[in-house]
Amino acid sequence: MSKREDYEKRCEALLTPIAGANHVEIYDIEYVREGSEQYLRCYIDKEEGVSIDDCENVSRALSDALDREDFIDDAYILEVSSPGLGRQLKKDKHLEKSLGDEVEIKTFKPVGGVREFTGFLTAFDEDTITIETPSSNEGEGEKTVFNRKDIAVVRLTLDF
């Protein structure tokens, strides 16, 4: 297990009871380097949406727990936030909740000369993700199946 994975797993163990006490769920945790800074980002969610108070309460409690446990060797910045409207769908539980929703898929390499696709998430399994693009007439849309290993990002589309 890499240092990053270890930190994320240990943080999740600390965050789980804190999230429960604050009536939020853990959406994702990531420990990443951006420029010269390390960030420990914890994304929380709940059905009616996350408030600033939710983020503040969870952040304070998690910061105290991280200070007590002191398992992260590097200096880092802790961020607790909502995953946002255009949230990435990284895990199967994210995909499951988003079946039927419109998503954007970006691939590492062009597929038919294109790297960005938009459609409705219709299915997924361990190896693939399927979207359906609405057809111009009343018939069934066109289904496109992507190998997960070829996908750089899957996220919900933003509707304005």
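Just a yes or no: is a residue in region 63-84 within 21 Å of the chain's Cα centre (by Cα), over 30 Å from residue 14 (Cβ atoms) and open to solvent by less than 60 Å² (accessible area, probe 1.4 Å)? No, every residue in region 63-84 fails to be within 21 Å of the chain's Cα centre (by Cα), over 30 Å from residue 14 (Cβ atoms) and open to solvent by less than 60 Å² (accessible area, probe 1.4 Å).
When the residues of region 137-160 are filtered to those that are outside any loop (DSSP other than H, G, I, E, B) and not hydrophobic (A, V, I, L, M, F, W, C), the one that is modelled with the lowest pLDDT is 142. Residue-level analysis places residue 4 outside the set of residues that are assigned to a strand (DSSP E or B), under 29 Å from residue 126 (Cα atoms) and open to solvent by 80 Å² or more (accessible area, probe 1.4 Å).
In the set 101, 92, only one residue is over 20 Å from residue 17 (Cα atoms) and open to solvent by less than 70 Å² (accessible area, probe 1.4 Å); that residue is 101.
Filter region 13-61 for residues that are hydrophobic (A, V, I, L, M, F, W, C) and in a helix (DSSP H, G or I) and give the result. Break it down stepwise before answering.
Applying the first criterion (hydrophobic (A, V, I, L, M, F, W, C)) to region 13-61 yields 13-15, 18-19, 21, 24, 26, 29, 32, 40, 42, 44, 50, 52, 55, 58, 61.
Hits for region 13-61 are 13, 14, 15, 18, 19, 21, 52, 55, 58, 61.
Condition check for residue 117 on (1) hydrophobic (A, V, I, L, M, F, W, C); (2) over 29 Å from residue 55 (Cβ atoms); (3) surrounded by fewer than 13 Cβ atoms within 10 Å (Cβ to Cβ): one failure, at (3). Taking the criterion of being out of contact with any Leu (no Cβ under 8 Å at 6 or more places or on another chain), loosely packed, with under 11 Cβ neighbours inside 10 Å and at pLDDT 95 or above, would at least one residue in region 37-60 satisfy it? Within region 37-60, one or more residues are out of contact with any Leu (no Cβ under 8 Å at 6 or more places or on another chain), loosely packed, with under 11 Cβ neighbours inside 10 Å and at pLDDT 95 or above.
Could you look through region 7-27, keep only residues that are touching a residue at least 40 places away in the same chain (Cβ under 8 Å) and open to solvent by less than 40 Å² (accessible area, probe 1.4 Å), and pick out the one that is nearest to residue 43 (Cα to Cα)? Spell out the reasoning first.
Initial filter on region 7-27 (touching a residue at least 40 places away in the same chain (Cβ under 8 Å)): 7, 10-11, 14-15, 18, 21, 27.
Filter once more, keeping what is open to solvent by less than 40 Å² (accessible area, probe 1.4 Å): 7, 11, 14-15, 18, 27.
Numbers: 7: 15, 11: 12, 14: 14, 15: 11, 18: 13, 27: 5 Å.
Across region 7-27, the extreme among qualifying residues is 27.
The values are calculated or read from the model by the stated rules, or taken from the named source; none is laboratory data. This one's a predicted model, so the numbers in the text were calculated from it and none came from an experiment. Using ideal geometry, Cβ is built from the backbone for each residue, glycine included, and neighbour counts are taken over all protein chains shown. Please note that ligands, DNA and RNA were not included when accessible areas were found on the heavy atoms of the full protein model with its side chains. Shrake-Rupley method; radii C 1.70, N 1.55, O 1.52, S 1.80 Å.
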